[in-house]
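Comments concern the structure below.
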Amino acid sequence: MQSQHYKGLIAEWYDDWLMEQADDINYYSAFFKDFKGRVLELACGTGRLLIPIAKLGIPIDGLDSSEDMLSVVRGKAGKLGLAGIELFSQPMEKFDLAVQYDAIFIASGSFQLLLTIEEALNSLRCIRSYLLETGFFLVDIFVPWGEIIKQEQEYYQVTRDVSRDGKRSIVLERFKVNIRKQIKQGTYRYEFYEQKHLTDCIVDDLATRWYWKDEFVSLLNSAGFSKIEVLSDSSLYDEGCSFVFKAFK
């Protein structure tokens, strides 16, 4: 898991960059709105989804490999007076907890930060072991067709540009795609400005792996899940492009 990417200023500005992205928040909030049981979100990041679900009164915990991202969650929960949220600073491919859950989920393609089949299976088996007998795992993944078709973007292009409180941050990306390995290798340049002056610049690599629908069903089977549903009626589902899976222990 590439935990070192999500720290410092990247964690601080993460919510700003995704401010206009609400489809995942809306879907998972609606999914768990009347849920009876305790939920765990893996790769919970800054709590973009965790906090709205907690505000519904759902008992929910979070796990992420970046302590800086979890610090953002704690700050949000504290300001809103949300008590009872346990946060775990551990990798999602191999974690060790003292409690089992009625539901575990990974949103917004975050599972795709696991780059090998071995890491993916380790994570799925670990997830299954922390589900109660009637529990289920929910996850969405996507295929980056635009990047696959292009295969390489040699020069940086702006993907995010946001401002707040007299400060500005710009995210630029270039990438290469390895079709055989199903990996997009991105290089990201994060520029931070104050009063139009560049104050910080971070350049870092981040890779993601895509999974085909049938391939992911096979992985869930190999991890021991007993019943697997492809939620094609989900608002996040787009045949051939993005998939939502629900797998029962």
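If ARG160 satisfies every condition in (1) in contact (Cβ under 8 Å) with a residue 60 or more places away in the chain; (2) among the charged types (D, E, K, R); (3) in the same structural domain as TRP17 (by TED's automatic domain parsing) but one, which is the exception?
The number of the failed condition is (3).
Any residue in segment 95-105 that is among the polar types (S, T, N, Q), in the same structural domain as ALA22 (by TED's automatic domain parsing), modelled with pLDDT of 95 or more and within 17 Å of the chain's Cα centre (by Cα)?
No, because not a single residue in segment 95-105 is among the polar types (S, T, N, Q), in the same structural domain as ALA22 (by TED's automatic domain parsing), modelled with pLDDT of 95 or more and within 17 Å of the chain's Cα centre (by Cα).
Suppose the filter is loosely packed, with under 15 Cβ neighbours inside 10 Å, of a type in the set (Ser, Thr, Tyr), within 15 Å of LEU121 (Cα to Cα) and modelled with pLDDT of 95 or more; does SER232 pass it?
When the stated conditions are applied, SER232 does not pass them.
Given (1) closer than 19 Å to TYR188 by Cα; (2) touching a Gly at 6+ places or on another chain (Cβ under 7 Å), where does SER110 come up short, assuming only one miss?
Unmet condition: (2).
Within segment 212-231, count every residue that is part of a loop (DSSP other than H, G, I, E, B) and in contact with a helix residue (DSSP H, G or I) (Cβ under 7 Å, 6 or more places away or on another chain).
The qualifying residues number 3.
Would you mind listing the strands (runs of 3 or more DSSP E) fully within segment 3-119 where at least 2 residues are touching a residue at least 60 places away in the same chain (Cβ under 8 Å) and surrounded by 14 or more Cβ atoms within 10 Å (Cβ to Cβ)?
39-42, 101-106
Return the residues of segment 38-54 that are within 20 Å of PHE136 (Cα to Cα) and either not assigned by TED's automatic domain parsing to the domain that holds SER123 or not aliphatic (A, V, I, L, M) (or both); say none if nothing qualifies.
Across segment 38-54, the qualifying residues are ARG38, GLU41, CYS44.
Take GLU239 and tell me if it is surrounded by fewer than 19 Cβ atoms within 10 Å (Cβ to Cβ), charged (D, E, K, R) and not assigned by TED's automatic domain parsing to the domain that holds ALA103.
Spelling it out, it is not the case that GLU239 is surrounded by fewer than 19 Cβ atoms within 10 Å (Cβ to Cβ), charged (D, E, K, R) and not assigned by TED's automatic domain parsing to the domain that holds ALA103.
Among the candidates ARG174, ARG164, which residue alone is surrounded by fewer than 16 Cβ atoms within 10 Å (Cβ to Cβ), of a type outside the set (S, T, N, Q) and modelled with pLDDT under 95?
Step by step, each of ARG174, ARG164 is checked, and only ARG164 is surrounded by fewer than 16 Cβ atoms within 10 Å (Cβ to Cβ), of a type outside the set (S, T, N, Q) and modelled with pLDDT under 95.
Looking only at segment 36-68, how many residues end up being more than 12 Å from the chain's Cα centre (by Cα) and aliphatic (A, V, I, L, M)?
8
The values are calculated or read from the model by the stated rules, or taken from the named source; none is laboratory data. Quick caveat, the model's predicted, so the values are computed rather than measured. Here Cβ is always computed from backbone atoms with ideal geometry, including for glycine, and neighbour counts include all displayed protein chains.
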